[in-house]
Amino acid sequence: MLISKAVIAAAGMGTRFLPITRSIPKEMLPLVDRPVIQYAVEEAVACGINLVVMITAQGKASLEEYFDRNIELERSLQQRGKKNLWEKIHRLPDMANICFIHQKEQLGLGHAVLSTKEVIGKEPFVLILPDDLFEQKEIILQKMLGIYQKFHGSVIALRQVSHESIGRYGVIRAKHIDGNIYQVLDLVEKPRPENAPSDLAVMGRYILTPEIFPELEATAPGSGGEIQLTDALRSLLEKQEIYGYVTEGDYYDAGTIPGWLHATISLALKHPEFGPELRKNFFVSPE
């Protein structure tokens, strides 16, 4: 079955960015020339996704407004002859069909995904966590979609991480299949480094089969009263195979202030318009 729907989880409170996120969703923080959330939508669209289901929460109305039409602004830009800016603004509402689901309580990623059940139905779907950005962008999702078409099971993005940082992630025990492809044998949420089953951590890209929904419904709240997607995937393993794809290229964690700064600087330096000037004025190597 071809995959035509993507879920973007954007309901987090963004506490790491307080006080900024008191009034601005972290997904609306700029990365060079557009907000974090736009990268996620563009990535989904580039993979042929027809419907984006965005999970939001209280205080995140600006996410909906950003992808809505602003006739007055567009008219003003046209009248002032600012064609390039007009094109950037005009295309936003037409990027994708986007529907918004309001998560009324912050009960974890698993709960957020479960809230999309009625919209997703009995179809496989893509799940994107916009805090995680990859240099290869849609290429990673395209390769994951290829793995799904071959094996007909859920697929999760993986990355090798250091021993010191492994406790921040969900970690898998796996069997190597071929190249960057692994079969997932078990998942552990945020293990102590000495107990981690491998150095392969789960990153924020998933292809999930609809069978994840019954598992989420049966998953008891864990730490902090949250329903963990990792726990539901672990239960799903008893019924169907799950595969992992080890990503390549640079990775940026825009969910923390240091990570967001790193992503901003790195992407700006690679930007064809802004990169040369930045390198010239701010990153001149000492002789």
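Of note:
- When the residues of the range 199-220 are filtered to those that are more than 19 Å from the chain's Cα centre (by Cα) and surrounded by fewer than 19 Cβ atoms within 10 Å (Cβ to Cβ), the one that is nearest to Leu237 (Cα to Cα) is Glu211.
- Taken together, the residues in the range 107-119 that are of a type in the set (Ser, Thr, Tyr) and under 16 Å from the mean Cα position of the chain (by Cα) amount to 1.
- Of all residue pairs spaced 6 or more apart or on separate chains, those with beta-carbon atoms under 9 Å, a first member in the range 214-227 that is within 19 Å of Thr116 (Cβ to Cβ) and a second member that is among the small types (Gly, Ala, Ser) and surrounded by fewer than 10 Cβ atoms within 10 Å (Cβ to Cβ) are Ile227/Ala220.
- Residue in the range 262-274 that is exposed (fewer than 15 other Cβ atoms within 10 Å of the Cβ), hydrophobic (A, V, I, L, M, F, W, C) and more than 22 Å from the chain's Cα centre (by Cα) present: yes
- When we screen Lys104, Lys122, Lys137, Lys88 for residues that are basic (Lys, Arg), surrounded by fewer than 18 Cβ atoms within 10 Å (Cβ to Cβ) and under 17 Å from the mean Cα position of the chain (by Cα), the only hit is Lys137.
- On inspection, Pro193 fails the criterion of being modelled with pLDDT of 95 or more and more than 21 Å from Leu141 (Cα to Cα).
- Candidates Ala61, Ala57, Ala44 - the one that is closer than 18 Å to Gln103 by Cβ, in contact with a strand residue (DSSP E or B) (Cβ under 7 Å, 6 or more places away or on another chain) and of a type in the set (Gly, Ala, Ser): Ala57
- Residue among Leu236, Leu229 that alone is in contact with a helix residue (DSSP H, G or I) (Cβ under 9 Å, 6 or more places away or on another chain) and over 15 Å from Tyr169 (Cβ atoms): Leu236
- Condition check for Val7: in contact (Cβ under 8 Å) with a residue 12 or more places away in the chain, buried (at least 22 other Cβ atoms within 10 Å of the Cβ) and within 22 Å of Leu141 (Cβ to Cβ): yes
- For the range 234-241, the condition holds for at least one residue, the condition being that it is free of Cβ contacts under 8 Å to residues at least 40 places away in the same chain, part of a helix (DSSP H, G or I) and either of a type in the set (A, V, I, L, M) or surrounded by 14 or more Cβ atoms within 10 Å (Cβ to Cβ) (or both).
- Listed by position, the helices (runs of 4 or more DSSP H) contained in the range 104-202 that have at least 2 residues being within 23 Å of Gly259 (Cβ to Cβ) are 109-114, 138-151.
The values are calculated or read from the model by the stated rules, or taken from the named source; none is laboratory data. Given the structure is predicted, the values throughout are model-derived calculations rather than measurements. So basically every Cβ, Gly included, is an ideal-geometry build from the backbone, and we count neighbours across all protein chains shown.
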